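First the structure, in the form of structure tokens, and then the observations on it.
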Amino acid sequence: MTDGLEFVRDGEIARLTFSRPEKMNAITHGMWSAIEEIVTEVEADSGLTALIITGAGANFSAGADISEFRDLRSSAEGAATYDKAVHAAVAALSGMRKPSIAMIQGNCIGGGCQVAVACDFRFAEEGSRFGITPAKLGIVYDFISTRQLVSLVGPAHARYFLLSGQLVDSARAREIGLVNDVVASGTLEESTMNFAATLNSRSQASIRGMNRIIEKIQAGQSDSDEEIEQIRLDAIHGEDYAEGVAAFLERRAPRFTYR
């Protein structure tokens with residue numbers, strides 16, 4: 001595993017942890033580069049149903065490791081190479097069929113917030129802070145991450161983040177839709193894992209099919225297409241559909257088998 005990242009399996013849940021607490025879990029180029037491969041591994045593992053991303057210690061992540069920028073982003077070519085790793089990580093996360101959950105405590109800033117926004121869900125502990133700060137560095141945020149942020153919070157709030165670089169607290173983040181929920185200190189792990197267990201109890205065929213359709217909508221697609229119709233047709237003919245209907249009629253919890 002790449003320095004600064006820890007990857008473990010907890011039953012059917014995978015967990016990726018930014019593990020540089022002495023650096024507020026700042027994300028190095030090597031860490032960015034490893035995320036795509038880890039996501040691919042999670043997607044390919046039939047024993048895993050979801051990915052949780054979190055940070056070690058008191059923070060989620062304070063962002064990209066700026067100390068690398070003079071060496072790795074000192075030229076246009078270097079910046080393009082660095083950005084390629086970031087884009088690959090963001091694209092891999094946002095393109096996952098299996099659900100991804102950001103479990104956030106402390107600072108979730110810059111690249112850390114970029115990772116969180118690329119996830120399907122964000123659960124935050126009271127007292128956490130959020131910000132996206134390219135305007136403090138003379139950087140123009142990339143298109144995919146900007147689109148994801150606008151889709152999540154709307155253009156006005158996206159401009160607030162990107163143009164001002166100001167931080168907001170967890171309550172404000174919840175109010176504008178940046179996070180799904182804010183929980184009391186000491187309950188983040190339990191709340192997140194309970195939600196992951198809920199997802200695990202649902203039809204994985206439904207979850208993965210709907211995640212793909214949502215991805216297409218976020219990318220600007222306005223109408224159905226052949227892939228979407230095939231996803232829906234496969235679901236109707238799948239084991240999960242038969243089990244879901246039977247469970248409903250028999251007034252019992254469904255026992256989905258698709259993984």
State the number of residues belonging to segment 120-177 that are free of Cβ contacts under 8 Å to residues at least 60 places away in the same chain, hydroxyl-bearing (Ser, Thr, Tyr) and farther than 24 Å from residue 99 by Cα. 3
Give all pairs with beta carbons closer than 7 Å in which a residue from segment 1-30 that is over 15 Å from residue 59 (Cβ atoms) meets a residue that is in a loop (DSSP other than H, G, I, E, B) and open to solvent by 40 Å² or more (accessible area, probe 1.4 Å); count only pairs at least 6 apart in sequence or on separate chains. 7/1; 30/2; 30/3
Of the residues 89, 171, which is within 26 Å of residue 48 (Cβ to Cβ) and of a type in the set (A, V, I, L, M)? 89
Kindly provide the set of residues from segment 188-212 that are open to solvent by less than 50 Å² (accessible area, probe 1.4 Å) and among the hydrophobic types (A, V, I, L, M, F, W, C), ordered by number. 188, 193, 196, 199, 205, 207
Condition met for residue 102 (in a strand (DSSP E or B), out of contact with any His (no Cβ under 7 Å at 6 or more places or on another chain), more than 17 Å from residue 29 (Cβ to Cβ) and open to solvent by less than 20 Å² (accessible area, probe 1.4 Å)): yes
Note on segment 56-99: residues touching a residue at least 12 places away in the same chain (Cβ under 8 Å), open to solvent by 40 Å² or more (accessible area, probe 1.4 Å) and in a loop (DSSP other than H, G, I, E, B) are 57, 58, 97
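This table checks each residue for (1) open to solvent by less than 60 Å² (accessible area, probe 1.4 Å); (2) touching a Leu at 6+ places or on another chain (Cβ under 9 Å); (3) among the aliphatic types (A, V, I, L, M); (4) within 25 Å of residue 91 (Cβ to Cβ).
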| site | (1), (2), (3), (4) |
| --- | --- |
| 180 | no, no, no, yes |
| 214 | no, no, yes, yes |
| 224 | no, no, no, yes |
| 229 | no, no, no, yes |
| 241 | no, no, no, no |
| 250 | no, no, no, no |
| 254 | yes, no, no, no |
| 259 | no, yes, no, yes |
Return yes when residue 117 is touching a Leu at 6+ places or on another chain (Cβ under 8 Å), part of a helix (DSSP H, G or I) and within 20 Å of residue 94 (Cβ to Cβ) and no when it is not. yes
Among the candidates 49, 81, 2, 28, which residue alone is more than 13 Å from the chain's Cα centre (by Cα), of a type in the set (Ser, Thr, Tyr) and within 24 Å of residue 216 (Cα to Cα)? 49
Among (1) within 18 Å of residue 129 (Cβ to Cβ); (2) surrounded by fewer than 20 Cβ atoms within 10 Å (Cβ to Cβ), residue 36 falls short only on (1)
I'd like to check which helices (runs of 4 or more DSSP H) are fully inside segment 146-202 and have at least 3 residues that are among the small types (Gly, Ala, Ser). 170-176, 188-201
Name the residues in segment 1-33 that are touching a strand residue (DSSP E or B) at 6+ places or on another chain (Cβ under 8 Å), assigned to a helix (DSSP H, G or I) and open to solvent by 50 Å² or more (accessible area, probe 1.4 Å), would you? 21
Among (1) closer than 16 Å to residue 60 by Cα; (2) part of a loop (DSSP other than H, G, I, E, B), where does residue 139 come up short? (1)
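The values are calculated or read from the model by the stated rules, or taken from the named source; none is laboratory data. Given the structure is predicted, the values throughout are model-derived calculations rather than measurements. For neighbour counting, all protein chains shown are included, and Cβ atoms are generated from backbone atoms with ideal geometry for every residue, glycine included. Surface areas here come from the heavy atoms of the whole protein model, side chains and all, with no ligands, DNA or RNA. Shrake-Rupley method; radii C 1.70, N 1.55, O 1.52, S 1.80 Å.
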